[in-house]
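Peer 1: Sharing a structure here in structure tokens format.
The values are calculated or read from the model by the stated rules, or taken from the named source; none is laboratory data. Remember, predicted model here, so these are calculated numbers, not experimental data. Heads up, the Cβs are rebuilt from the backbone with ideal geometry, glycines too, and the neighbour counts pull from every protein chain shown. SASA here: full protein model, heavy atoms, side chains in, ligands and nucleic acids out. Shrake-Rupley method; radii C 1.70, N 1.55, O 1.52, S 1.80 Å.
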Amino acid sequence: MVTIISTMETQVSNGPSGTSLPNGPVISTNGSTDDSKTNLIVNYLPQNMTQEEFKSLFGSIGEIESCKLVRDKITGQSLGYGFVNYVDPNDADKAINTLNGLKLQTKTIKVSYARPSSASIRDANLYVSGLPKTMNQKDMEQLFSQYGRIITSRILVDQVTAGISRGVGFIRFDKRNEAEEAIKGLNGQKPLGAAEPITVKFANNPSQKTGQALLTQLYQTAARRYTGPLHHQTQRFSMIPSLGKGPDPNNSSKPILDNLLNASYGVKSSPTLFPRFSPITIDSMTSLAGVNLTGPTGAGWCIFVYNLSPEADESVLWQLFGPFGAVTNVKVIRDFTTNKCKGFGFVTMTNYDEAAMAIASLNGYRLGDRVLQVSFKTSKQHKA
DNA sequence: TGGGATT
């Protein structure tokens, strides 16, 4: 897995002090800058988690030497990951054992030792789409491993069908140049036995989202504010207590975890409470309430919507489907060059009953001079 | 009258 160079170095007992490690920090006389056993990287943090919440959560394990939630330089938006450097290596170990895999909102956080920082490991993360649904993580790693050392990989799966591949994934290489070579070698190529070529490109940061994606998030956040239990929303994160002896993911009496765990997508809604969205409403509401953005998810029931007009946008889908229940994501498929809607889109809803009701009500619905066709998404592959 | 996807 991850080779931590300075770990090997500390095993050399007679090394001179002040040695400069390859790709690593200079070890001082007392060895205090060798943080390979104390410094952790935390991935997949909820978008709206603050530095204070981050520190509070990890400070509950033990004394922190330093910690940093990484943010976009310009927008200040969290990039969804951070670093925690403990004073005691035992606490770092404990943090991995206790907090790795913790579910916060829609995310499952990952806690692991950080690699020594260096310029060459930056921007080495790839986003892969068009993967055959039969391809698993191991297959994908095998395909990419010819270009370099893989640090992490993942294939995204549908939550409802319990593990069916969504045909998209991520590959992080050790070095940026390895990732570049993989793009050159694999983008647009068909994996052995595959019918369609795959797309390989550098992955986005959360901060690199398009305006449209950000707008989608605003709608989502707004939808949740109207459809979720309001008492959670209004007091969220207002108090940051110490977690005391150690975090217990099941103990809901701990306010920070309580808030993070409960602000999930599976909220009930009342059609009569659902507003007519407009970007202006969303905007003012968001800034007044200090609402933070939360990312979309692949979880839920995917609905195919056909016969949208070329002018259709995401707000149309929110307005159509929002009244039926919890909508987690909407997508209008556009032509790459004209940016006009190609006549169809997708809506993801959390609850089956609400999705089924939306389909029953909206299939055949007349929108302007068009009659919509609405159904659960079917897989092309499984069609006769 | 049909398929995106960003941990």
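Peer 1: Just to verify a result, which residue in the range A:159-188, among those that are open to solvent by 60 Å² or more (accessible area, probe 1.4 Å) and at pLDDT below 95, is farthest from DNA strand B (Cβ to nearest atom)?
Peer 2: A:162
Peer 1: Kindly indicate whether residue A:123 is assigned to a loop (DSSP other than H, G, I, E, B) and either outside the structural domain of residue A:57 (by TED's automatic domain parsing) or more than 29 Å from residue A:91 (Cα to Cα) (or both).
Peer 2: yes
Peer 1: What is the number of the single condition among (1) modelled with pLDDT under 95; (2) surrounded by 22 or more Cβ atoms within 10 Å (Cβ to Cβ) that residue A:321 does not meet?
Peer 2: (1) is the only condition that residue A:321 fails.
Peer 1: If residue A:293 meets every condition in (1) at pLDDT 85 or above; (2) within 21 Å of the chain's Cα centre (by Cα) apart from one, which number is that one?
Peer 2: (1)
Residue-by-condition table, conditions (1) among the polar types (S, T, N, Q); (2) in contact (Cβ under 8 Å) with a residue 60 or more places away in the chain; (3) assigned to a loop (DSSP other than H, G, I, E, B):
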{"position": "A:338", "(1), (2), (3)": "yes, no, yes"}
{"position": "A:342", "(1), (2), (3)": "no, no, no"}
{"position": "A:345", "(1), (2), (3)": "no, no, no"}
{"position": "A:355", "(1), (2), (3)": "no, no, no"}
{"position": "A:364", "(1), (2), (3)": "no, no, yes"}
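Peer 1: I'd like the residue in the range A:134-151 that is surrounded by 16 or more Cβ atoms within 10 Å (Cβ to Cβ) and within 12 Å of DNA strand B (Cβ to nearest atom) and, out of all such residues, is nearest to the chain's Cα centre (by Cα).
Peer 2: Ranking the qualifying residues of the range A:134-151, first place goes to A:151.
Peer 1: List pairs: first in the range A:64-87 and on the phi < 0 side of the Ramachandran plot and aliphatic (A, V, I, L, M), second open to solvent by less than 60 Å² (accessible area, probe 1.4 Å) and in a loop (DSSP other than H, G, I, E, B), Cβ under 8 Å, 6+ apart or cross-chain?
Peer 2: A:69/A:45; A:69/A:49; A:69/A:50; A:79/A:72; A:87/A:38; A:87/A:62
Peer 1: Considering only residues that are farther than 18 Å from residue A:300 by Cβ and acidic (Asp, Glu), which ones fall in the range A:314-365?
Peer 2: A:335 - this is the single residue of the range A:314-365 that is farther than 18 Å from residue A:300 by Cβ and acidic (Asp, Glu).
Peer 1: Another one. Going by the structure shown, is residue A:37 within 20 Å of residue A:98 (Cβ to Cβ), modelled with pLDDT of 50 or more, open to solvent by 60 Å² or more (accessible area, probe 1.4 Å) and in a loop (DSSP other than H, G, I, E, B)?
Peer 2: The answer is yes for residue A:37.
Peer 1: Going through A:133, A:107 one at a time, which residue ends up being among the basic types (Lys, Arg) and modelled with pLDDT of 90 or more?
Peer 2: A:133
Peer 1: Please go through (1) more than 9 Å from DNA strand B (Cβ to nearest atom); (2) within 16 Å of residue A:43 (Cβ to Cβ); (3) at pLDDT below 95 for residue A:156 and return the number of the only condition it doesn't satisfy.
Peer 2: Result: residue A:156 fails condition (1) only.
Peer 1: While we're here: Considering only residues that are open to solvent by 30 Å² or more (accessible area, probe 1.4 Å) and part of a helix (DSSP H, G or I), which ones fall in the range A:57-88?
Peer 2: A:59
Peer 1: Pull up the range A:326-375, narrow it to residues that are closer than 17 Å to residue A:161 by Cα and loosely packed, with under 14 Cβ neighbours inside 10 Å, then point me to the one that is nearest to DNA strand B (Cβ to nearest atom).
Peer 2: Per the stated criteria, the residue is A:375.
Peer 1: Only one of A:96, A:155 is assigned to a strand (DSSP E or B) and open to solvent by less than 60 Å² (accessible area, probe 1.4 Å); which?
Peer 2: A:155
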